[in-house]
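As structure tokens, the structure follows; a few thoughts come after it.
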Amino acid sequence: MPETATAATPVASPVVEVLAQAVSALGGQQRDGQVQMASEVAEAMSEGRHLLVQAGTGTGKSLGYLVPAMLHDKRVVVATATLALQHQLVERDLPRLVEAVKDVRGVDTSYAVLKGRSNYACLHRIRAGVPDDQGTLVDVPTGSMAEKVLELRAWAEEETEAGGSGERDNAPRHTDREWRQVSVNHRECLGAAKCPFGAECFAELAKEKAQRSHLIVTNHSLLAIDAIEDVPMIPDYDTVVIDEAHELVQRVTQAATDELGASDIERAARRAGRWTDGDGDPAGDLEDAAGQLAEAFEATPPGRIDQMSTQLADALVLVRDAARACVSAFPRESGGEGEGDAGRTQAKGMVQEIFVNAERMAAGSDRDVLWLGEARDRFPARLHVAPLQVWGPMRDKLLTDKTVVFTSATLMLGGEFGAVATSLGLKPTERLGSQIATTDDETALPWKGLDVGSPFDYGQQSILYVARHLPQPGRDGLGQAQLDEICDLVDSLDGRTLGLFSSRRAAETAAEAVRTRLPHLTTLAQGDAQLPELAKQFVEDPHTCLFGTLSLWQGLDVPGDTCQLVIIDRIPFPRPDDPLMSARAKAADDRGGNGFMEVSATHAALLMAQGAGRLIRTTSDRGIVAVLDPRLETARYGRFLKASLPPMWSTTDPALVRQALKRLGQA
């Protein structure tokens, strides 16, 4: 059963003492919330109880869990959602923490980073070549990307000589397509035993280091594959800390989502044709099945598929059976010619993937959601399948076996942990007002929710402005009233504005309006350049506005007076035609729940909390979050959404807000 906790002064303990040493080594200041978090995390690890910790920006939550993890007597895995946080942990926090605790008796300071195989350069692919469409190894790439691929190859060889990690994050700047020329996924890998370069393999060396380490830093996706998909990727561990836990459900869903296109099948068939033998033409049969699937796609309307047509069902069964026969037609490995050949391994892996995906889609399980993506320009239609929900597998395959600490700045939605806890696999409980009542459900897992607050005084540092006088947003994007409001707000502050929009079209429309009316300001829109370059410009010039979509809602950190106004154009509900979200909402309604609140409102609350969190990043920041959607004030669900935001001082008075912005601009 869940418990709730409020701030309290912890008793001095080894965790508190080591935390103080670590904070001092990092040149920081000890915070009450950080101390409480470290103590509670240590207790949860010791007792084997799940813990949800909401730690506001500025709390220093990384050390709040790293210190107890380092002192825990069993191996701990730390999983993050973003590369930025992973980089911070490995390049800054952990080395300094190790230095701070190196003299503490009995502490194992070993740690390692572990990522999916495709995140490491593959020496076999670099030295032996890349299979072409016929499966023949091509030594030197041609075309516009040849120079970059050669640069990546040279970098990988330098990494080998220097004992480097061979990780993609450390490589010269490149595109996804270029990186695929020097890496492999788990199906394409020959395996350390067969690969002539297995002893030097970056991915294998990373696994070996992780096996020797007390603390392993990885990502949500790899954790999901290891724990939920039953594919062993991480050495045995006792406890896992999931940072950026508000993103976990989405990341687990992504890891468990598959897709299938006719072109994938045709390509796999061409590759397989060189290697398969036996009766008939199994590769040719697979290519014919691809044609049948393409015809079924043409006869199927794009969108969610609740009831599969006979034509589509038959086509998927045909692809499944043809792929199975094709896999069986690959000759058995006997150590002879072709053994350990990258082209053969890749071809078989491609066909196996076709079989697995087609089998899952053909099964039509009520635990999955199936939808057909719309064909656009040069991109043909593709069939997608995703889990209807992930809380069941997470509870059964992760939470019942491991101790899990979830942490984020955004875990309390509507002022409570219940919505997030339920989505993560911790069973819901009956609630009586603000009290939590135990249930009779014996399968419910014990957990505790802890809000350690934030060092920021949101009531003094920030204002939440809801433009109640504006019309309700329509389907046609931003109207004239919204554009006028945006320009007036930006003009009052003379720049320093981050615009968070629900669509790329809305962001571009707003940017064009501001450029036209306020030409003395620099107005940037997502897509004008790469995000790091846009962020750099935004930081360097205070008379700048940056408008964009989802990646700005969660991935931008701009402390100081660079950003003193955050504009949110509308409540970010998922699109009504979103296949997965609409299916989850329907499932909630069908079981007697409220699909809108459980799915749509929860999704919007998380995004709004993350977006509003872009404003106050230090104790000296000041600013305003302006929401141009009056439903935040007028709709019944508005109270739930507002309770999910930082506790800012709230107003609907446009004149007051403009005056406040002018004072900020003058200051």
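The values are calculated or read from the model by the stated rules, or taken from the named source; none is laboratory data. Just so you know, these numbers come straight off a predicted model, no measurement behind them. Don't worry about glycine lacking a Cβ; one is built from the backbone with ideal geometry, like all the others, and counts go over all protein chains shown. These accessible areas exclude ligands, DNA and RNA; they are computed on the full protein's heavy atoms, side chains included. Shrake-Rupley method; radii C 1.70, N 1.55, O 1.52, S 1.80 Å.
Worth a mention:
- Just one of the listed residues (LEU222, LEU286) is within 30 Å of MET581 (Cβ to Cβ), open to solvent by less than 40 Å² (accessible area, probe 1.4 Å) and either in a helix (DSSP H, G or I) or among the polar types (S, T, N, Q) (or both), namely LEU222.
- Entirely in the stretch 492-576, the strands (runs of 3 or more DSSP E) that have 2 or more residues that are within 23 Å of the chain's Cα centre (by Cα): 497-500, 544-548, 565-568
- One residue from VAL420, VAL385 being in a strand (DSSP E or B) and out of contact with any Phe, Trp or Tyr (no Cβ under 6 Å at 6 or more places or on another chain): VAL385
- Members of the stretch 188-219 found to be assigned to a loop (DSSP other than H, G, I, E, B) and either more than 11 Å from VAL77 (Cα to Cα) or touching a helix residue (DSSP H, G or I) at 6+ places or on another chain (Cβ under 6 Å) (or both), listed by number: GLU188, CYS189, LEU190, GLY191, ALA192, ALA193, LYS194, CYS195, PRO196, PHE197, CYS201, ARG212
- Test: ALA583 is of a type in the set (A, V, I, L, M) and open to solvent by 10 Å² or more (accessible area, probe 1.4 Å): yes
- Candidate set from the stretch 26-49 (those that are in contact with a strand residue (DSSP E or B) (Cβ under 6 Å, 6 or more places away or on another chain) and buried (at least 22 other Cβ atoms within 10 Å of the Cβ)); member that is farthest from THR403 (Cα to Cα): MET37
- Residues satisfying the criterion are present in the stretch 628-637 (criterion: crowded, with 18+ Cβ neighbours inside 10 Å, hydrophobic (A, V, I, L, M, F, W, C) and modelled with pLDDT of 95 or more).
- Apart from one condition, GLN250 fits all of (1) closer than 30 Å to ALA604 by Cα; (2) assigned to a helix (DSSP H, G or I); (3) in contact with a helix residue (DSSP H, G or I) (Cβ under 7 Å, 6 or more places away or on another chain); the exception is (3).
- Apart from one condition, ALA481 fits all of (1) in a helix (DSSP H, G or I); (2) open to solvent by 50 Å² or more (accessible area, probe 1.4 Å); (3) more than 30 Å from ARG367 (Cα to Cα); (4) without any contact (Cβ under 8 Å) to a residue 12 or more places away in the chain; the exception is (2).
- If you go through the stretch 258-283 and pick out every residue that is part of a helix (DSSP H, G or I) and open to solvent by 70 Å² or more (accessible area, probe 1.4 Å), you end up with 2.
Yes or no, residue by residue, for (1) of a type outside the set (D, E, K, R); (2) more than 25 Å from ARG395 (Cβ to Cβ); (3) open to solvent by less than 50 Å² (accessible area, probe 1.4 Å):
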site: CYS195; (1), (2), (3): yes, yes, yes
site: ALA199; (1), (2), (3): yes, yes, no
site: ASP230; (1), (2), (3): no, no, no
site: THR253; (1), (2), (3): yes, no, yes
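- Across the stretch 246-278, the number of residues qualifying as modelled with pLDDT under 90 and of a type in the set (Asp, Glu) comes to 1.
- Filter result for ALA81 (at pLDDT 90 or above, in contact with a Leu (Cβ under 9 Å, 6 or more places away or on another chain) and open to solvent by less than 30 Å² (accessible area, probe 1.4 Å)): yes
- Boolean, VAL356 is open to solvent by 50 Å² or more (accessible area, probe 1.4 Å), under 29 Å from VAL130 (Cα atoms) and in contact (Cβ under 8 Å) with a residue 60 or more places away in the chain: yes
- Subset of the stretch 370-388 [under 20 Å from the mean Cα position of the chain (by Cα) and open to solvent by less than 20 Å² (accessible area, probe 1.4 Å)]: VAL385, ALA386, PRO387
- Matching residues, the stretch 638-651, being open to solvent by 50 Å² or more (accessible area, probe 1.4 Å) and under 20 Å from PRO455 (Cβ atoms): PRO647, TRP649
- Screening HIS469 against (1) assigned to a loop (DSSP other than H, G, I, E, B); (2) surrounded by 15 or more Cβ atoms within 10 Å (Cβ to Cβ); (3) at pLDDT 95 or above leaves a single unmet condition, (2).
- The stretch 90-107, residues that are modelled with pLDDT under 90 and more than 27 Å from the chain's Cα centre (by Cα): GLU99, ALA100, VAL101, LYS102, ASP103, VAL104, ARG105, GLY106, VAL107
- Here GLN659 meets the list (1) open to solvent by 20 Å² or more (accessible area, probe 1.4 Å); (2) within 30 Å of GLY373 (Cα to Cα); (3) at pLDDT 95 or above almost entirely, failing just condition (2).
- Residue match in the stretch 169-192 (condition: under 29 Å from PHE406 (Cβ atoms), of a type in the set (Ser, Thr, Tyr) and open to solvent by less than 60 Å² (accessible area, probe 1.4 Å)): no
- In the set (1) under 16 Å from MET308 (Cα atoms); (2) of a type in the set (Ser, Thr, Tyr); (3) in contact with a Cys (Cβ under 9 Å, 6 or more places away or on another chain), the condition left unmet by THR345 is number (1).
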